[in-house]
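Structure first, commentary second.
The values are calculated or read from the model by the stated rules, or taken from the named source; none is laboratory data. For clarity, every value in this text was computed on a predicted model and none was experimentally measured. So basically every Cβ, Gly included, is an ideal-geometry build from the backbone, and we count neighbours across all protein chains shown.
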Amino acid sequence: MKTDIQIQKDVLEQLKWEPFLDASEIGVAVKNGIVTLSGIVDSYSKKILAEKVAKKIAGVKAVAVDIQVGLSPVYRKTDAEIAEAVVNALKWHTMIPDQKITISVENGSVKLEGEVDWVLNIG
């Protein structure tokens, strides 16, 4: 019978061999043959694949999946960065005068307020 340390090593090794996964994003803990996967991945399919990989390892009794799907905090933008991007995007649109629009960003949500003349050019 494999020890928890051997099971952990085997799961980690197998995760490294999966080209679709970045093994450094996934934590592996083992207690009494129960594998707990943790971390953050950018797609649901990666979460499912990590679970499948762990289940295939000999000695694994159960798999608990605590993997979150979403953007890593490393890639998250601050409200100030988002606001700057919105200002720059609006500058590129000649039909929107920047003096008529106010921008506010809170917790990643953008709110635009103001009035613009809307011209529909069909022709």
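Specify the residue that is modelled with the highest pLDDT; the eligible residues are those in the stretch 69-123 that are under 30 Å from LEU49 (Cα atoms) and surrounded by 10 or more Cβ atoms within 10 Å (Cβ to Cβ). Within the stretch 69-123, the match that is modelled with the highest pLDDT is VAL69. A Cβ distance below 9 Å, combined with a sequence gap of six or more or placement on separate chains, defines the contacts here; from the stretch 90-103, residues that are touching a residue at least 12 places away in the same chain (Cβ under 8 Å) reach residues that are in a loop (DSSP other than H, G, I, E, B) and exposed (fewer than 10 other Cβ atoms within 10 Å of the Cβ) in the pairs MET95/ASP117; MET95/TRP118; MET95/VAL119; PRO97/ASP117; LYS100/GLU115; LYS100/ASP117; ILE101/GLU115. Considering only residues that are touching a strand residue (DSSP E or B) at 6+ places or on another chain (Cβ under 8 Å) and free of Cβ contacts under 8 Å to residues at least 24 places away in the same chain, which ones fall in the stretch 23-49? Correct list: GLY27, ALA29, LYS47. Among the residues of the stretch 1-21, those identified as closer than 25 Å to TYR75 by Cβ, touching a residue at least 24 places away in the same chain (Cβ under 8 Å) and not in a helix (DSSP H, G or I) are GLU18, PHE20, LEU21. Counting only residues that are surrounded by 15 or more Cβ atoms within 10 Å (Cβ to Cβ) and part of a strand (DSSP E or B), the stretch 41-64 holds 2 of them.
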